[in-house]
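Following: one structure in structure tokens, then a few remarks.
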Amino acid sequence: MEGHQQSVLKSRTKKSKKRSREKDLHEPMEPVKQSPGVKHESLQVKIQLFQEQPNKIPPLLAYFPSGYSPCKTQREEEEGGGGASTPKVRVFRNTAQRKGNRLQVVVSPGGSNVDFVGSSYTGEAATAQVCRYSLGVLDKETGTLKIIPIATNKIFRMEPRVRTSEAANEDASVSAKSELTSDNKDKLDKLGELTTLYGTKKDRKKRKDYIDLKKEADPESQKALEKKIGEVAFDKEALANTSAVIARNIPPHDVSATTPLEAYPLDKIILKGDWDFLGDIHNLLQVGEEVSSNAYPHFVCNRIRKLDATQDDNEKWKLSCVFSYITHLVKFRDQFSMGQASAKNHNVPSIIRHRFLNLFTDPGSKILASDKIDLLISYVLVLTLHADGFRTDPTDIAKDLRISKVDLRRHFLNLGCKHGQQNSVLYATLPVPLSFPSENFRRKRRQ
């Protein structure tokens, strides 16, 4: 019952408010009190509304808070018979894409070194605007009132600026751009701080790239960078070696090495912390179990007998670790390939997998890029050379990597290897010092 009474009261309240509003609308308004002695003329006018036309420039509306009046100055000069001080009015438009609505007005009084500058995108015009402006032109003779939209829907605030030289007038638009940067600098800084604290990883990366681009575009930063570069003494030989590593996608190497072991040092390929996680093959042999061909590559299965023939325990353990590392590399590549279900269950130790991800994948990517695949293949081939005493038959590893012998030969040549035949079997060897094929030779082979 109480709920019903409340609903009735609410409906009555709404109806009473509606009746009061209708009453106010129908009641005649009281006439405005006129001051005595002032005559007001009443006109019956016809209102004409004009829309903004893209092929015509709408009028620009401006005011001078300093009190300067260009119309008064021009009238005084006309009455005095001189026209030397007639103000000069110029309009600048930003021609960049999506910025065509940015205008700047410059009024230059004659015989003065002061310009009045106003823009539609800085200062007062840059504040939030919740209304639209129009210009009304009353023609008493025809009895029409023309309402015309103004340019950019902004009222230009003309601020005085002292002209340092006559050429400064020509660069008015450039000065406005610098003002825009200074006005928005605080906003950008605050937005950047918020992005750094609460933004997503993608937004933070975008901001970092933006800051880097701004640094590159800064003339002062460019001068400082050129000065630092000029002071650096370059090692041409080391620079050539570095570019070769990047271009050939090969593991760390020593061009001046006198032995194959030093040419591709094993401790630079398998790091010190990795060896403790590569004992799976050694442990299988210790308990007398066989290495399954489903779990290990053909290259490893066909060379297990080398471990039995090795008498030195340290060498045997090291060779088994090399076999295990080759297995992890091949399986890691297969895990990023289609149709390789057996590799998905292969367990790569986390410390080694993390290193593989840093070496052979791009951040955020779920596939291996072609250059990263080439680098991974180079790592595998260098380890096969170590396992076979730097004279290896590439037949088994070609099956494991699922590439042709022709393509595999190109990878070996890129490592500085040479090929020879013995008893109809093609072998890859590593002569020292390392000698890489020239760039022209590599391009011809690719074609």
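The values are calculated or read from the model by the stated rules, or taken from the named source; none is laboratory data. Just so we're clear, the structure is a prediction, and the values are computed from it rather than from any experiment. Methodologically, a virtual Cβ is constructed for each residue, glycine included, from the backbone with ideal geometry; neighbour enumeration extends over all protein chains shown. Accessible surface areas use protein heavy atoms only, side chains included; no ligands, DNA or RNA. Shrake-Rupley method; radii C 1.70, N 1.55, O 1.52, S 1.80 Å.
Taking Lys223 as the residue in question, decide whether it is open to solvent by 60 Å² or more (accessible area, probe 1.4 Å), modelled with pLDDT of 65 or more, part of a helix (DSSP H, G or I) and charged (D, E, K, R).
Details: open to solvent by 60 Å² or more (accessible area, probe 1.4 Å): yes; modelled with pLDDT of 65 or more: yes; part of a helix (DSSP H, G or I): yes; charged (D, E, K, R): yes.
So Lys223 passes the test.
State the number of residues belonging to the stretch 343-352 that are free of Cβ contacts under 8 Å to residues at least 24 places away in the same chain and assigned to a helix (DSSP H, G or I).
Here is the first cut: in the stretch 343-352, the residues free of Cβ contacts under 8 Å to residues at least 24 places away in the same chain are 343-345, 347-348, 350.
Keeping just the survivors that are assigned to a helix (DSSP H, G or I) gives 343-344, 350.
The number of residues fulfilling the criteria is 3.
Quick check on my filter: what residues within the stretch 356-373 are crowded, with 17+ Cβ neighbours inside 10 Å and in a helix (DSSP H, G or I)?
The first filter runs over the stretch 356-373 and keeps only residues crowded, with 17+ Cβ neighbours inside 10 Å, leaving 356, 360-361, 368, 372-373.
Result: Phe356, Phe360, Lys372, Ile373.
I'd like to verify a number: residues in the stretch 112-138 that are assigned to a strand (DSSP E or B) and over 13 Å from Leu61 (Cβ atoms), how many?
In the first step, residues of the stretch 112-138 are kept if they are assigned to a strand (DSSP E or B); the result is 114-119, 134-138.
After this cut, where a residue has to be over 13 Å from Leu61 (Cβ atoms) as well, the list is 114-117, 119, 138.
Count: 6.
Name the residue, out of Ser365, Ser404, that is of a type in the set (Ser, Thr, Tyr) and over 22 Å from His298 (Cα atoms).
On the way: Ser404 fails: over 22 Å from His298 (Cα atoms).
That would be Ser365, the only listed residue that is of a type in the set (Ser, Thr, Tyr) and over 22 Å from His298 (Cα atoms).
His354 is checked against (1) farther than 24 Å from Lys418 by Cβ; (2) in contact with an Asp or Glu (Cβ under 6 Å, 6 or more places away or on another chain) and fails just one. What number does that condition carry?
(2)
Do you know which residues across the stretch 420-431 are surrounded by 13 or more Cβ atoms within 10 Å (Cβ to Cβ) and modelled with pLDDT of 90 or more? I'd like the intermediate steps shown before the answer.
So in the stretch 420-431, the residues surrounded by 13 or more Cβ atoms within 10 Å (Cβ to Cβ) come out as 426-430.
Across the stretch 420-431, the qualifying residues are Tyr427, Ala428, Thr429, Leu430.
Examine the stretch 388-404 for a residue that is in contact (Cβ under 8 Å) with a residue 12 or more places away in the chain, within 25 Å of Asp276 (Cβ to Cβ), open to solvent by less than 50 Å² (accessible area, probe 1.4 Å) and of a type in the set (A, V, I, L, M, F, W, C), and state whether such a residue exists.
no
Name the one entry in Val38, Val45 that is over 57 Å from the mean Cα position of the chain (by Cα), modelled with pLDDT under 75, of a type in the set (A, V, I, L, M, F, W, C) and open to solvent by less than 100 Å² (accessible area, probe 1.4 Å). Please lay out each step first, then the result.
On the way: Val45 fails: modelled with pLDDT under 75.
Just one listed residue meets the conditions, Val38.
Any residue in the stretch 247-265 that is open to solvent by less than 60 Å² (accessible area, probe 1.4 Å), assigned to a helix (DSSP H, G or I) and at pLDDT below 85?
yes
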